[in-house]
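Data first, discussion second: the structure below is written as structure tokens.
The values are calculated or read from the model by the stated rules, or taken from the named source; none is laboratory data. Computed from a predicted structure; not experimentally measured. Reconstructed Cβ throughout: ideal geometry from the backbone, glycine too, with neighbour counts over all protein chains shown. When the accessible area is computed, the model is the full protein with side chains, heavy atoms only, and any ligands, DNA or RNA have been set aside. Shrake-Rupley method; radii C 1.70, N 1.55, O 1.52, S 1.80 Å.
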Amino acid sequence: MACSCVGRLFCNPCNVQPSFRTVSNMVSSGFTSQLRLISPMKLPSASSSALFSLALLKSSFLPLITANFSAQGVGISVSSFKVHQITVQVKPGRNDLVVCFGELLIDFVPTVGGVPLADAPAFKKAPGGAPANVACGIAKLGGNSAFVGKVGDDEFGYMLCDVLKDNKVETKGIRFDSQARTALAFVTLREDGEREFMFYRNPSADMLFEVHELDTDLLKQASILHYGSISLITEPSRSTHLEAMRIAKEAGALLSYDPNLRLALWPSAAAAKEGIKSIWERADIIKVSDEEVVFLTDGDPKDDQNNMKMFHPRCKLMLVTEGGEGCRYYTPKFRGHVNGVKVQVVDTTGAGDAFCAGLLSQLAVVPSIIDDEPKLRNALTFANACGAITTTERGAIPALPDKDTVLRLIRTPTRSSMSSPDASWHGYQKWRYRNSTTTL
């Protein structure tokens, strides 16, 4: 039986632990309410700067609870076995929801690696689309994410929606188009390590996403809106993308931009550069790969002065990822480099998305990380590890790690104590052998 709140009574006859959303619905910002607990209730623990005070009144059969509420959860301690009436005073605050806007599609990946698409003997279907990968990555790390986009009213579209649901991503922002199919992409990793893409989307459902189909309430709940550039290529998806940005920004969200260059989808290189830059200065957080830096600036991505040409006055954080070498970070106050985690690469698909998920899952909870360099460096070490682990298996979403897996890799002693470039990978493989039931 589920928990419910009617008037001032919180009903939990089966002693079910409520989710944070259940609790947050009871104590939404800007009001003071009294809730009477009529059965034992366990509340989730977390921490945040927005605290709530509780006045607890004793009764006869529930534990005495002292607690701090926050925008992310509740911290409690039990000191006696009594019933209470709780007065909750709530300070306004944002939640930790990251909404990802853009494409959701099927990737067809060869059953063998290191061959051109034309030489692949067979393909295996896998869910894909950069914004969807990020949403799943955040959820797998224990974060709160939602996806907003459009798929076809077809078997692939419903399969993709189910994949997101299975990964605990909120899907109420997904729309289904009966006139167009779900997008398809064939992806392979060549012997030189470069990925090769072939897209089928002329037009696909994501290109036909219209403004009136947006879930505006969901967008207004976002603490971060994350998006790419593919939805900027054609109308009506471009206008829908811009409107989603406007709604989220006006509601107080941070805007996170990973251009995710797919040159084959644009009419020309010049059109791609113009389209990507058209929304550049609206983003609070920008993540680009070293290859994208070369495309956008014609300069060296290892040259900080060159990279700073892309840093606009309102940008809070810009990141340049360098694959296994780590990433460079730039803020108005400081800049630097965080080393990567060396692993045995199988498939790089989704690595950048896993990096974004690793970072955004932390920024959504503690946005002030951006202004604290030691904490930001720790967050980027975590994000680098997320990306590294994702490259050790084929496909994107199936390879995305959970938080415990990432932390174990980061804490592997050989990561810092051995000089071998693959030291961290060997230590990680030993851990995997000892914990063979863990799925990355």
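Considering (1) at pLDDT below 50; (2) surrounded by fewer than 15 Cβ atoms within 10 Å (Cβ to Cβ); (3) within 27 Å of residue 144 (Cβ to Cβ), say which one residue 440 fails and leave the rest. Every condition holds for residue 440 apart from (2). Annotation: of all residues in the range 316-359 being in a helix (DSSP H, G or I) and not hydrophobic (A, V, I, L, M, F, W, C), the one that is farthest from the chain's Cα centre (by Cα) is 325. Can you say whether residue 358 is closer than 30 Å to residue 111 by Cα, at pLDDT 95 or above, in contact with a Phe, Trp or Tyr (Cβ under 9 Å, 6 or more places away or on another chain) and surrounded by 21 or more Cβ atoms within 10 Å (Cβ to Cβ), as far as the supplied structure shows? When the stated conditions are applied, residue 358 passes them.
For every residue, the table says whether it meets (1) under 14 Å from residue 288 (Cα atoms); (2) open to solvent by 10 Å² or more (accessible area, probe 1.4 Å); (3) in contact with a helix residue (DSSP H, G or I) (Cβ under 6 Å, 6 or more places away or on another chain); (4) without any contact (Cβ under 8 Å) to a residue 24 or more places away in the chain.
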| residue | (1), (2), (3), (4) |
| --- | --- |
| 315 | yes, no, no, no |
| 322 | yes, yes, yes, no |
| 340 | no, yes, yes, no |
| 348 | no, yes, no, no |
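Every listed requirement among (1) crowded, with 23+ Cβ neighbours inside 10 Å; (2) in contact with a Gly (Cβ under 6 Å, 6 or more places away or on another chain) is met by residue 191 save one, (1).
Scanning the range 292-313 for residues that are assigned to a helix (DSSP H, G or I) and open to solvent by 60 Å² or more (accessible area, probe 1.4 Å) yields a count of 2. With respect to the stated conditions, residue 181 is under 21 Å from residue 124 (Cα atoms), modelled with pLDDT of 95 or more and of a type in the set (Lys, Arg).
Restricting the first member to the range 375-393 and to residues that are free of Cβ contacts under 8 Å to residues at least 40 places away in the same chain, and the second to residues that are open to solvent by 10 Å² or more (accessible area, probe 1.4 Å), the beta-carbon pairs closer than 6 Å and six or more apart or on different chains are 375/369; 379/362; 379/369.
Residues that are modelled with pLDDT of 90 or more and of a type outside the set (A, V, I, L, M) within the range 202-216 comprise 203, 204, 206, 209, 210, 212, 213, 215, 216, listed in sequence order. Quick check: is even one residue across the range 248-257 on the phi > 0 side of the Ramachandran plot and modelled with pLDDT of 95 or more? Among the residues of the range 248-257, at least one is on the phi > 0 side of the Ramachandran plot and modelled with pLDDT of 95 or more, which makes the answer yes. In the set (1) in contact (Cβ under 8 Å) with a residue 40 or more places away in the chain; (2) polar (S, T, N, Q); (3) open to solvent by 40 Å² or more (accessible area, probe 1.4 Å), residue 268 fails one condition alone, (1).
When the range 242-259 is filtered for residues that are of a type outside the set (Lys, Arg) and open to solvent by 20 Å² or more (accessible area, probe 1.4 Å), the ones remaining, listed by number, are 242, 243, 250, 251, 252, 254. Assess whether residue 377 counts as being more than 22 Å from residue 318 (Cβ to Cβ) and open to solvent by 10 Å² or more (accessible area, probe 1.4 Å). Considered against the rule, which asks whether it is more than 22 Å from residue 318 (Cβ to Cβ) and open to solvent by 10 Å² or more (accessible area, probe 1.4 Å), residue 377 comes out as no. Before we move on, is residue 275 more than 30 Å from residue 234 (Cα to Cα) and either surrounded by 15 or more Cβ atoms within 10 Å (Cβ to Cβ) or in contact with a Pro (Cβ under 6 Å, 6 or more places away or on another chain) (or both)? Here the answer is no, as residue 275 does not meet what is asked.
Residues checked against (1) open to solvent by 20 Å² or more (accessible area, probe 1.4 Å); (2) closer than 30 Å to residue 346 by Cα:
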residue: 159; (1), (2): yes, yes
residue: 162; (1), (2): yes, yes
residue: 178; (1), (2): yes, no
residue: 182; (1), (2): no, yes
residue: 209; (1), (2): no, no
residue: 218; (1), (2): no, no
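Among residues of the range 361-374 being under 30 Å from residue 105 (Cβ atoms) and part of a loop (DSSP other than H, G, I, E, B), the one that is most open to solvent (accessible area, probe 1.4 Å) is 365.
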